[in-house]
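Have a look at the structure below, then the notes.
The values are calculated or read from the model by the stated rules, or taken from the named source; none is laboratory data. No experiment lies behind these values; they were computed from the predicted model shown. Cβ: placed from backbone, ideal geometry, glycine included. Neighbour counts: every protein chain shown. All accessible areas refer to the heavy atoms of the entire protein, side chains included, with ligands and DNA or RNA removed. Shrake-Rupley method; radii C 1.70, N 1.55, O 1.52, S 1.80 Å.
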Amino acid sequence: PPPALHTCQGLAPCLPEEGQVNTSGPRLLLATLHPASSSSTAMDRIFSALLLSLLLLLQSYGVCGAPPQPRGTLCRTKPTDLVFIIDSSRSVRPQEFEKVKVFMSRVIEGLDVGPNSTRVGVINYASAVKNEFSLKTYQSKAGLLQAVRRIEPLSTGTMTGLAIQFAISRAFSDPEGARVRSPNVNKVAIVVTDGRPQDGVQDVSARARAAGIEVFAIGVGRVDMHTLRQIASEPLDDHVDYVESYSVIEKLTHKFQEAFCVVSDLCATGDHDCEQICISIPGAYKCACKEGFTLNSDGKTCSACSGGSGSALDLVFLIDGSKSVRPENFELVKKFINQIVDSLEVSDKQAQVGLVQYSSSVRQEFPLGQFKNKKDIKAAVKKMAYMEKGTMTGQALKYLIDSSFSIINGARPGVPKVGIVFTDGRSQDYITDAAKKAKDLGFRMFAVGVGNAVEDELREIASEPVAEHYFYTADFRTISKIGKKLQMKICI
């Protein structure tokens, strides 16, 4: 029989390390096979073939029963000094704190851990700050994961500013294992909190960023979103994340694994945000557009609305501001609106944009033509206040017909009219007549529903062909994907 094996290489069978039990994946016992007669070469060949087949089967399931690793991956993690700053105040229940530990473990599993690659430290805070372990403490992934499992919640107040100051003065210091600031080593802090801090965070967070620390802020549940924006690095869209509960925080794992990833060909791996064409350049990429489209100012999306005749457009958003949307999701809706605005060429002769919010009543935020450029439109969208009442979609559609697309409110005769209706629930009034009239008048109507929106109502609002004019998603966080589709459809 062969000697005991403790590593998995090539076609060699994989046995557990001493003291370990392999409980994952299919298990296969390889016994020593002895043919009945040593003189039977045919039987030798049969047994050899059987053994080889079993070994190939083992490899097909992946080493040690794990799934096969994708081939040709071009991703490796950047050398990083990474410090988690985790809130374990009394509002974080023990089972929720376990979810935070799982999240940290999943991020660590995706890193290249070592003294010359990525080092990890953890700060645990409540009313006081506890240094669970420093950047220099563990040099292996296994040691880090075991240490994370041992962390216990502190269960007192929420001194977030104190914890960030501790990170600056101690966790990212040379005695604790931090490396000298350089372009080759990233310094990253990930702050996880579920409440409003009992101390100030704005000034201390600014000092952290000035010291070269890239700060990510993750908020959970009833967190104060203004606080997260004060903590995080720019751009805020990339550095502020919100989840409704600790039970779904693990969904953010992939984002942070990508954040620490260096890829030699981002286009080849699909790890890019170009809407149409990705062009690889050394160490980076750039976006381009198909023939007939123009690259927008964001350098990512493409527009068929720019230049030439026929590009004029009057576009009005009808946005649901009912209480079921919730403030944090209303902010995502604003981003969705501005995503669409980014794809337009705004001017007196090209695209004009109007915005109407509705709940129990209807409020015109701004009419068509009030703003002459994208910057002013996007600024006005960001300032829009949340109404937070009922859902009178029928009344909003009637307002669109009677007022939004009227000449007195900036609409231009002979210019195509497009309405985008966004809702997250069932209308509390009758929509059929108004929806039909809008389409009869030649308005091109798109319906976007989220969460508890009623798809029959969305289809009733949408223009023909209905399948191309209505969209639905269960999760507000995915509406940006709908935005990308709408960017293409509005102008073609």
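Return the residue satisfying two criteria in turn: it lies in the stretch 250-290 and is aliphatic (A, V, I, L, M) and under 13 Å from the mean Cα position of the chain (by Cα), and of such residues it is modelled with the lowest pLDDT.
Just the residues of the stretch 250-290 that are aliphatic (A, V, I, L, M), to begin with: 252, 259, 262-263, 266, 268, 277, 279, 281, 284, 288.
Among the residues that remain, those that are also under 13 Å from the mean Cα position of the chain (by Cα) are: 252, 259.
On the way: 252: 89, 259: 76.
Ranking the qualifying residues of the stretch 250-290, first place goes to 259.
Restricting attention to the stretch 318-348, which residues are within 19 Å of residue 453 (Cα to Cα), among the hydroxyl-bearing types (Ser, Thr, Tyr) and open to solvent by less than 10 Å² (accessible area, probe 1.4 Å)?
If the condition is that a residue be within 19 Å of residue 453 (Cα to Cα), among the hydroxyl-bearing types (Ser, Thr, Tyr) and open to solvent by less than 10 Å² (accessible area, probe 1.4 Å), then 322 is the only one that fits.
Quick check on my filter: what residues within the stretch 296-313 are modelled with pLDDT of 80 or more and either open to solvent by 60 Å² or more (accessible area, probe 1.4 Å) or among the β-branched types (Val, Ile, Thr) (or both)? Give the steps one after another, and end with the answer.
Residues of the stretch 296-313 modelled with pLDDT of 80 or more: 299-300, 312-313.
Across the stretch 296-313, the qualifying residue is only 300.
Of all residues being free of Cβ contacts under 8 Å to residues at least 60 places away in the same chain and open to solvent by 30 Å² or more (accessible area, probe 1.4 Å) in the stretch 225-244, which is nearest to the chain's Cα centre (by Cα)? Just the residue, please. Steps first, please.
Filtering the stretch 225-244 down to residues free of Cβ contacts under 8 Å to residues at least 60 places away in the same chain leaves 226, 228-230, 232-236, 238-241, 243-244.
From the residues that got through so far, the ones that are open to solvent by 30 Å² or more (accessible area, probe 1.4 Å) too are 226, 229-230, 234-236, 238, 244.
Working: 226: 19, 229: 16, 230: 20, 234: 16, 235: 14, 236: 13, 238: 8, 244: 14 Å.
The extreme case among them is 238.
When you scan the stretch 472-488, how many residues do you find that are of a type outside the set (Ser, Thr, Tyr) and open to solvent by less than 60 Å² (accessible area, probe 1.4 Å)? Full working, then the answer.
Initial filter on the stretch 472-488 (of a type outside the set (Ser, Thr, Tyr)): 474-477, 479, 481-488.
Among the residues that remain, those that are also open to solvent by less than 60 Å² (accessible area, probe 1.4 Å) are: 475-476, 479, 482-483, 486-488.
Number satisfying all stated conditions: 8.
Can you tell me which residue among 204, 220 is at negative phi and at pLDDT 95 or above? Before the answer, list the steps.
Details: 220 fails: at pLDDT 95 or above.
Testing whether each residue is at negative phi and at pLDDT 95 or above leaves just 204.
What is the number of the single condition among (1) open to solvent by 60 Å² or more (accessible area, probe 1.4 Å); (2) assigned to a helix (DSSP H, G or I) that residue 100 does not meet?
Unmet for residue 100, out of (1) open to solvent by 60 Å² or more (accessible area, probe 1.4 Å); (2) assigned to a helix (DSSP H, G or I): (1).
With the checklist (1) at pLDDT below 90; (2) under 30 Å from residue 240 (Cβ atoms) in hand, flag the one item residue 420 doesn't pass.
Single failed check for residue 420: (1).
Output the residues belonging to the stretch 329-359 that are touching a residue at least 40 places away in the same chain (Cβ under 8 Å) and assigned to a loop (DSSP other than H, G, I, E, B). Break it down into steps so the answer makes sense when it comes.
Residues of the stretch 329-359 that are touching a residue at least 40 places away in the same chain (Cβ under 8 Å), as a first pass: 329-345, 350-352, 354, 356, 358.
343, 344, 345, 350 - these are the residues of the stretch 329-359 that are touching a residue at least 40 places away in the same chain (Cβ under 8 Å) and assigned to a loop (DSSP other than H, G, I, E, B).
For the stretch 153-165, give me each residue that is open to solvent by 30 Å² or more (accessible area, probe 1.4 Å) and touching a Lys or Arg at 6+ places or on another chain (Cβ under 9 Å).
Hits for the stretch 153-165 are 153, 154, 155, 156, 165.
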